[in-house]
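Take a look at the structure set out below.
Read-outs: derived from the displayed coordinates by stated rules, not from any lab. What you see is a predicted model, and the numbers here were worked out from it, not measured in a lab.
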Amino acid sequence: MINIPVSLEFFPPKTPEGMAKLAAARAELYALKPEFCSVTYGAGGSTQMGTLQVVQAIRDEGAVGVPHFTCIGATRASVGETLDGFKAAGFKRLVALRGDLPSGSGSFGEFRYATELIEAIRRHSDDHFHIEVAAYPETHPQARSPEADLKAFAAKVAAGANSAITQMFFNADAYFRFVDEVRAMGIEIPIVPGIMPITNSSGLMRFADNSGCEIPRWMRLRLQSFGDDTKSIKAFGLDVMAALCERLIAGGVPSLHFYTMNQSAATLALAGAIGH
Ligand code: FAD
């Protein structure tokens, strides 16, 4: 029996039906005894009320709710107000991110990088919040170079990040190399792998391509060969992701963060497959 801590990620649904489905999924996923459940935040304004609604529901259900918080398009005053709201609602942990400009357009606002948001959080709220940040074992798609991206990550830690969650990846070596490189820079914070259970192929490929995650050729070809055969896609996905998690656990990862996509079945199956 492997007993590694896990955390879960949700996104705020846009409809009352979606909210009800998510509540049902959460009720099932609490069987995993997650360390915390985080909820994404729509960069630039969309779905931010939904984030608060979901994270408060998680808190009211007795679990630890963690809001994501993006700074793109924000002002220093709006960041301060949001932090005060999170504190008043009893939250002590945040995932601090830059976010992306909606469809690549619009204005950055008063913040250009996540580092500036972390600095603002520390200035405004001292050490009230445990700050999680994003990490990119395969390099952020907009980074000038892998070295520049590592420096950007180190800057987030220097600004006050307490731990990191990675972008999804399918290549364990990329993760282990990233961890080795940041440790060589003297960075000690936990770097938790972000795990995406596989439930379909076209959505996964689109999402991976947009976020700079490489789907290895052998996996892509296999997934494509299944066509609309969801059962085979899920069985293959479970097999591949269980093997990845087992390798990560054997390599000493501190915990696993599951991108649930608001569904319980795939995450429960994967956690079960690794004996959680
Ligand atoms: P940063 O760390 O600021 O990095 C962004 C880019 O800027 C990188 O290429 C970096 O190399 C570069 N950079 C940083 N500092 C400098 C500098 N000083 N000079 C030059 N270049 C620099 N998005 C959402 O909208 N909502 C969410 O809730 C959300 N949750 C996420 C959760 C996780 C775990 C992850 C991995 C991603 C999430 N994202 C979310 C996506 C994220 O917002 C995007 O990947 C975004 O493009 C980068 O955000 P960041 O916080 O990593 O930015």
Find the centroid of the Cα atoms in the stretch 189-241 and in the stretch 36-81, then give the distance between the two in whole Å. 27 Å
In nm², what is the average projected area of the convex hull enclosing the Cα atoms of the stretch 211-267? 5.0 nm²
Equivalent ellipsoid dimensions for the stretch 131-275 as semi-axes, Å, which come from the Cα gyration tensor, largest first: 28, 17, 13
Only helices at least 15 Å long along their axis, Cα-based, and averaging 0.0 or more on Kyte-Doolittle count here, so list those DSSP H runs from the chain. 16-29, 48-60, 146-159, 230-250
Note: the stretch 1-98, point scatterers on Cα, Debye, no solvent; log10 I/I(0) at q = 0.16, 0.18, 0.24 Å⁻¹ equals -0.67, -0.82, -1.31
So, for the Cα atoms of the chain, Rg and Dmax in Å stand at 18.1, 52
Among beta bridges assigned by DSSP with both residues in the chain, the antiparallel ones amount in percent, to the nearest 5, to 0 percent
Sequence-distant lysines (8 or more away, or on other chains) whose Cα lies within less than 24 Å of K231: K21
